[in-house]
1. At 0.36 nm per residue, and after removing the present C-alpha to C-alpha distance, how many nm does the segment from ASP95 to CYS126 gain when stretched out fully?
2. What nm distance separates the two modelled labels at VAL25 and VAL189, each placed 7 Å from Cα along Cα→Cβ?
3. Hey, can you grab everything whose amide H is under 5 Å from the amide H of ALA120? Only 5+ residues off in sequence or another chain; H modelled, so Pro and N-termini drop out.
4. Semi-axes of the range 158-201's equivalent ellipsoid from the Cα gyration tensor, sqrt of 5 times each eigenvalue, largest first, rounded to whole Å?
5. Kindly flag which residue pairs out of LYS33/LYS107; LYS74/LYS109; LYS33/LYS117; LYS48/LYS186; LYS117/LYS156; LYS108/LYS156 have an alpha-carbon separation exceeding 22 Å in this structure.
6. If you stretched the chain out fully between GLN110 and LYS74, how much longer would it get, using 0.36 nm times the residue separation minus the C-alpha to C-alpha distance?
7. What distance in nm separates the two pseudo spin-label positions at SER164 and ARG83, each 7 Å out from Cα along the beta-carbon direction?
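All of the numbers you see were taken from the coordinates with simple rules; none came from a lab. Fair warning: this is a prediction, and the values are worked out from it, not measured in the lab. For neighbour counting, all protein chains shown are included, and Cβ atoms are generated from backbone atoms with ideal geometry for every residue, glycine included.
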Amino acid sequence: MTKIHPSSSATGSGMPKSVSDEQQVVVLTVWKKSLLFNCTGFTVFNAKGNLVFRVDNYISGNKGEIVLMDDAGKSLLTIRRKRLSLVADTWLVYDGETTANPRFSVKKKQGSLSNSKSLAHVSPGCGGNQGQGNGGRGSGSGSGNGKSSSDDEKKKLIYEIEGSYAQRCCLIYDESRRCVAEMRPKEAVAGVCFGVDVFRLIVQPELDPTVAMALVILLDQMFGSKRFSGFNPQ
């Protein structure tokens with residue numbers, strides 16, 4: 001049986017921030033499938049073929065909440081759909097399983113003549129860590145402009161996602177228009193093509209792989225043909 005995870009020679013460790021070299025490019029293989037029989041979700045491997053992230057949504061579970069876990073089942077981030085919002089398809093991302101002070105929010109980009117490739121905008125939440133570059137692996141000292149947490153700061157764009165999720169070809173840019181992560185189809189192995197449900201996620205040192213994976217989950221919610229809320233086990 002052809003393996004879907006990267007070979008051991010792939011670039012980067014593919015490990016979450018807590019166990020990875022902060023200066024390494026992380027290469028992950030994402031499989032849009034839960035390993036549990038009665039769940040939908042994602043299974044994510046590092047370059048050595050080890051499980052590093054998982055999403056298991058039970059058929060009878062909460063349709064407006066998705067939990068990103070590590071290999072041991074510990075909750076890393078919880079993604080919740082924003083209720084009573086005037087803006088369609090807006091999601092809030094929280095650390096662990098907390099319910100207050102979201103780390104950041106993600107809004108589906110509506111059609112725009114100025115940038116038709118834009119898929120989603122990521123903005124800081126009231127619990128966002130500004131000193132960590134809003135989700136990066138490197139350290140920082142904040143914005144340095146002397147401004148407090150105002151309404152203008154909350155509306156600041158920290159990431160923009162462009163491309164085509166249907167083709168699994170997406171780029172994540174930071175506020176300086178640096179590409180900090182890329183999604184691309186997985187290469188065929190021994191003539192075997194994997195289809196759109198298996199793809200690469202390549203994360204630069206400036207972005208926490210956990211955050212990058214959360215953004216992939218949200219792209220699937222916004223643009224996937226089979227959303228978790230539809231509960232179509234594969």
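1. Full extension from ASP95 to CYS126 adds 10.0 nm.
2. Between VAL25 and VAL189, the label points sit 2.0 nm apart.
3. Here the answer is LYS109, ILE161, since their amide H atoms fall under 5 Å of that of ALA120.
4. Values: eigenvalues 128, 18, 6 Å².
Semi-axes, largest first: 25, 10, 6 Å.
5. LYS33/LYS107; LYS74/LYS109; LYS33/LYS117
6. That pair, GLN110 and LYS74, stretches by 9.6 nm at full extension.
7. The modelled label-to-label distance comes out at 3.8 nm.
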